[in-house]
Structure formats: structure tokens, C-alpha cells
Amino acid sequence: MPGSYIPTDYFPVAIVILIATLIGLGTLLLGLVVRPRRPYTQKLSPYESGNPPVGEPRTEFSVKFYIIAMLFVVFDVEAVFLYPWAVAYDKLGMFGFVEMMLFIFILLVGYVYVWKKGAFNWE
Amino acid sequence: MDFGAGFSLIDIRPLTPEITMICTGLILLLLDLVVKKKEAIAVLGIIGTIVAIFATYRLYAFNETRSIFLEMFALDGYANFFKIIFYINVILTICISFRYMKIEKASIGEYYALLMFATTGMMIMASAADLIVLYLGLELMALSTYILAGLMRKQRKSNEAALKYFFLGAFSSAFLLYGISLTFGLTGTTNIQDIAGLVSSLSIADNAIMHLAVVFLIVAFGFKIALVPFHMWAPDVYEGAPTSITAFMSVGPKAAGFAVLGRVLFEAFGDMQIMWSSILVPLSILTMAVGSIIALAQTNIKRMLAYSSVAHAGYILLGIIAGTTDGLISSVNYLMIYMFMNMGAFAIVIMLRSEGFQGEELEDYKGLAKTNPAAAALMLVFMFSLTGIPPTAGFIGKFYVIMEAINAGDMYLAITAVVFSVISAFFYLRVVMYMYMNDPKETVILTKSPSMTFALALTTVMVLVLGVFPSVLLNLVRSSIIS
């Protein structure tokens, strides 16, 4: 109901945030104070499942991954929207069906567009 | 939960204009894949817009108010009037970009589709009766314009414009969402009408958090309408973007920003008028001052017009500061007039651009009256109008907002506005002086096209007709807002 929200309702949330911060910072600080510090080369090297590390971890990779990732987000969101729609399908009825088909159709237009533009061609 | 009542097919009729625009955009996007002649796509875009105009005109008279989707989407005279501004804006933009985009080698079909989507976003903003829908429309508009600004992919400046616009736009969206969430936290609703009722019934008009929420909303809208000190992006983006998009951006998103600013402040926070007026007063003075004074130092005409558009936002704000319906009417009236004169000025700037000639420097206008007397005469009309010299429409626009400022008792604001108007005369009339009193450096060949002629004819006629018969427009604005 509108109007029933007052800021004091959120006071427990503030306490939780405070406790969470204290626990997080506290354990880190405690470790800093308590732990012994004896660094040597093997210990400082990055963990690579026991293998000696080869080369820099930060390398350039193809911009194509970025396009694929971007397209993935679009269709991922589509899938996310399909779930609540499917759950509430019996209540939404025909109108909900038409509405969802329209939504999928609009994304389909985008799909055809990126396909024709060659966004899926790796080369 | 019963969805039956709120969701029936008859209820989507008020959305017909938006649906028409979106469908046009989708069709253009697909046609771009098969059609080689991009002019055909542009013509189809204009046809789609005309259908949308017809839908707005046919289904809903100006004095009818409706809201659909559980009161989230309102259709009233206020929204309809802004939609008219957006329609004319997009048609003029398409008209002036036919040849230009070809010269810039960026003639692609997406351009027209994105114009349609951006316009739909603005239309949704104008009709939004709920802060979430408002945000949705704003993002649709903003994302489309980011891409449009960066359409000249091969040019660094255009890329810079798009990136700058995107980052600052994202930043302002964060402000908007923060403002919305604070409002929701205090009132428990995002509906603009309900907020108004709850602000008075819960008597939180003096609440500090409520004030903070209004400040955040003003900051977010201030970004979109380029109020000082949130104008930093405007000159760079306006300079880097394709000129036709600069024209589009300096009118469309600005008008949409004013539409939501007016609706949110007047409808949702009407009780807090004294509070938000006192925030907008210094913003308005700063906007007029910075816009007018920095424009003096510009040598690039696109940058100059960018600062001029910043200054005009300051004048338009005067009507909103007044806080009365008459004040709002004067602001909307100004926006309509501003669209015609600004579009006209940008049309001339685009005409100067030809193959191998940038035509963006003020120096390029030297002696234009000798080589191209007709274009110079039209530019003269638009510059006079932007300055606010009668009998052009710019005078009428300024006259009404300043009169409303005086009626609201803000005499000092009115005086400031007049002072900065005089200062702005220097840089507008400098263009006129260059055109008429200097000798041409080189012969400028204008890029002409029938659609450009149409756009120039429409803007010139409107600037002169509205300057001589101001009551025509003013009565239309009045009848659509008071309903």
C-alpha cells in the first residue's frame, strides 16, 4: 500500500550492513595482525594449480568475443523474461501470449539484423 | 492477482502513435538489409512519422485525457503537444540529412531506424505518468542518440562525442534512478499523480530527503537539457556528432527533458514549488550567462550553436520557474519556436558542407551574401530569430517567458535574461556581419536538394508567421495544456 513505507522500517537493514562491514574488515585486520609474514619467490608467484606460471595473465583477446558477449546478454534477458511469463501463463491468457510473441518477434528482427550484418561470422 | 481489468486489448489504443513509430523503425532496420538506395528508407521513415501524426490527431483530440496500463501511461494535451514537436523534429532531421549523410560517407539505413527509436523514446517520456516509464523512455531515447552521435565511425571526433555522451548520460541516469528510489522510499509509489497526493497527505514537503530526491531529479533532467553546470558534454558532443544529428539532439532530447521536468515538477512536486524554483533560479541565471558568454569566443559554428542552445535552455527555464500554468505555456511555446529557428540554422550549416569542404568555421561564412544571397538571407532570418529580434518568432518566445518571469515577481530574472539576450546578439549578429560585410575568401558551393529546400521553406515560413501571428501557436499550446 502506498504511504505505509517510512524510513525507520529500514533500520534493521542498516544494522546488518554495519555488522557485515565489521565482520569483513575485522577478519582482514585480525589476519593482518596475527599471521606470520615470511615471503619467498615460490610463495609470491601466482597460483596455477601447481604448475609454474607461463607468461602474463593479461593478454589481448579478439574484440569478436565482445560482440558475442553483447548478443548473448540480449537473448539471455529474453530467456529471463520467458520464465515469469511461463509461470503466470494461465492467469495472463491470450493477451499475455500475444504480448510475449510480440516481444520475441521484436528480438527476432534484431536477430535477423545481426545475422545479415555478419556478426556471427568469426572470420 | 487479477490481470483481467488492467490488460485488455482496447486499452492499447492510446499507444498507436508509439507503436507506429516502433514498427516503422523495425521495418527500416530490416529494409536496410535488402534496399541499396537509402533515400527510399528515408522516405519511408517520413511516411511512418506522418502516419503517427495522423494517429495522434485522429484518435485523441487535444482536450481529452486518458491513462492506461494501470495509470502508467498518460495521454493528455501536454503529451500530445510535445509529440507534435518530436514529429516535426524528426521529419525536419530526415529532410536535412538526405544528402549530408552521403557526403559524410555514413549513409546507412540504421540512421533512420535509430531516429525513429529515439523519437519513440521521447514520446514515451512525454506521456509517462510513472517515474519508471519515464526512465524507460529516457533510456530508449538516450541509447539511440549515443549511437547516432557516433555514426561517423571513421572520425575520431564523432567517436569522442558518442563516448562522452554515453558516459555522462549513464552518470545522469544514475542520478535519475537515485532520485526515483528516494521518492519511492518516502512515498511508496512511483506514480506521478499519487506522489503529489502523498506529499501533501504525509506532509513530507519539508522533509530533507524529499528535497534531496527533487534535487537528484533536477540534476538528471538538467543533464538532458544541458543546464549549466551539467552542460559540459554539450559543446563537444554537438561538435563531434554529424551535423544533422546535432540539429536533432539540440531540439529533441532537450524538448523531451523539458517535458518530463515540467510534468514531474508541476504534477508530482507541485506543493514544493518554492523549493524547486529556488534551485532552478541560480541554474537558469548560470545557464544564460555561461551559454551566452562562452559562445562569444567560439570560431566553430557548431560549437557556437551548441552554447547558444545551452543559453536558450536558460530562457526556457524562466517559464518553469514561474511555477504557474501560464509559465509552463510560455516555456512550451518557446520550445516549439526554438525548434524551427534552430533547425533552420543547422540546415544552413549543413548546406555549406560539401565534398571536400567542412564549412564549419565562422570564417567560411564571409561574403556568403555575395555568392549565395538566398542562403545568406535565410541565415539572417534564423540569426535574428535566435537573438530575439521582431518580427521573427524568437522575439515572441523570449517575450512570453520574460513576461511570465515578471508576472511571477522575478523581476531580477527578467532583467538578467534581457541582459544576456543583448550579449548573445553579438555572436549571432557576427555571423550576419561576416555574411554581408566581408568579401568572400573562396566560393562556397552549397549542397542543395529538394528535401533541404522543403525543410528551409517550412522553418523560415514558421519563424516569420509565428513572429507575426503569435496567438495561433499560443492558443494551441494553451488549449492543449489546460485540459
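Remarks
- Tally, over the range A:65-105, of residues that are surrounded by 14 or more Cβ atoms within 10 Å (Cβ to Cβ), within 26 Å of the chain's Cα centre (by Cα) and within 10 Å of another protein chain (Cβ to nearest Cβ): 0
- Unmet requirement for B:Gly344, which otherwise passes all of (1) more than 23 Å from B:Leu464 (Cβ to Cβ); (2) in contact with a Phe, Trp or Tyr (Cβ under 7 Å, 6 or more places away or on another chain): (1)
- Here B:Phe266 fulfils each of the conditions (1) touching a Ser or Thr at 6+ places or on another chain (Cβ under 9 Å); (2) at pLDDT 95 or above; (3) of a type in the set (A, V, I, L, M, F, W, C) apart from (2).
- Looking only at the range B:1-44, and only at residues there that are at the interface with chain A (Cβ under 9 Å from one of its Cβ atoms) and over 18 Å from A:Leu107 (Cβ atoms), the one that is modelled with the highest pLDDT: B:Val34
- B:Gly314 vs. criteria at pLDDT 90 or above, under 25 Å from B:Ala170 (Cα atoms) and crowded, with 24+ Cβ neighbours inside 10 Å: yes
- Yes/no for B:Ala213 being touching a residue at least 24 places away in the same chain (Cβ under 8 Å) and out of contact with any Gly (no Cβ under 6 Å at 6 or more places or on another chain): no
- Only one of the numbered conditions (1) in contact with a helix residue (DSSP H, G or I) (Cβ under 8 Å, 6 or more places away or on another chain); (2) in a helix (DSSP H, G or I); (3) closer than 24 Å to B:Glu361 by Cα is violated by B:Met433, and that is (1).
- Test: residue in the range B:229-238 that is small (Gly, Ala, Ser) and farther than 20 Å from B:Lys157 by Cβ: no
- Among residues of the range B:351-380, those that are buried (at least 24 other Cβ atoms within 10 Å of the Cβ) and among the hydrophobic types (A, V, I, L, M, F, W, C), counted: 3
- Of all residues in the range B:201-215, those that are of a type in the set (S, T, N, Q) and either crowded, with 20+ Cβ neighbours inside 10 Å or at the interface with another protein chain (Cβ under 10 Å from one of its Cβ atoms) (or both) total 2.
- Flag if A:Asp76 is acidic (Asp, Glu) and closer than 29 Å to B:Cys23 by Cβ: yes
- When the criteria are applied in full, A:Pro53 meets the requirement of being surrounded by 10 or more Cβ atoms within 10 Å (Cβ to Cβ) and free of Cβ contacts under 8 Å to residues at least 12 places away in the same chain.
- Test: residue in the range B:288-306 that is crowded, with 24+ Cβ neighbours inside 10 Å and either free of Cβ contacts under 8 Å to residues at least 60 places away in the same chain or among the aromatic types (Phe, Trp, Tyr) (or both): no
- Set side by side, the residues B:Ala170, B:Ala161, B:Ala142 differ, and just one is aliphatic (A, V, I, L, M), away from every other protein chain (no Cβ under 14 Å) and out of contact with any helix residue (DSSP H, G or I) (no Cβ under 7 Å at 6 or more places or on another chain), which is B:Ala170.
- Which listed residue is surrounded by fewer than 24 Cβ atoms within 10 Å (Cβ to Cβ), over 21 Å from B:Ser451 (Cβ atoms) and among the aromatic types (Phe, Trp, Tyr), from B:Tyr87, B:Tyr146, B:Tyr165: B:Tyr146
- Within the range B:363-383, residues that are modelled with pLDDT under 90 reach partners that are among the polar types (S, T, N, Q) with beta carbons closer than 7 Å, at six or more positions or on different chains, in the pairs B:Lys366/B:Asn438; B:Gly367/B:Asn438; B:Thr371/B:Thr443.
- Filter pass, A:Leu25 being in a helix (DSSP H, G or I), surrounded by 10 or more Cβ atoms within 10 Å (Cβ to Cβ) and away from every other protein chain (no Cβ under 14 Å): yes
- Residue-level check: of (1) over 24 Å from B:Leu33 (Cβ atoms); (2) part of a helix (DSSP H, G or I), A:Arg38 misses just (2).
- Within the range B:361-391, the residues that satisfy the criterion of being outside any helix (DSSP H, G or I) and either in contact with a helix residue (DSSP H, G or I) (Cβ under 6 Å, 6 or more places away or on another chain) or farther than 20 Å from B:Ala455 by Cα (or both) are B:Glu361, B:Lys366, B:Gly367, B:Gly388, B:Ile389, B:Pro390, B:Pro391.
- Close Cβ contacts (under 8 Å, 6 or more residues apart or on different chains) running from residues in the range B:184-200 that are over 12 Å from B:Glu267 (Cα atoms) and more than 9 Å from chain A (Cβ to nearest Cβ) to residues that are among the hydrophobic types (A, V, I, L, M, F, W, C) and surrounded by fewer than 17 Cβ atoms within 10 Å (Cβ to Cβ) comprise B:Thr190/B:Ile132.
The values are calculated or read from the model by the stated rules, or taken from the named source; none is laboratory data. Note that the structure is a prediction, hence the values are computed from the model and not measured. Reconstructed Cβ throughout: ideal geometry from the backbone, glycine too, with neighbour counts over all protein chains shown.
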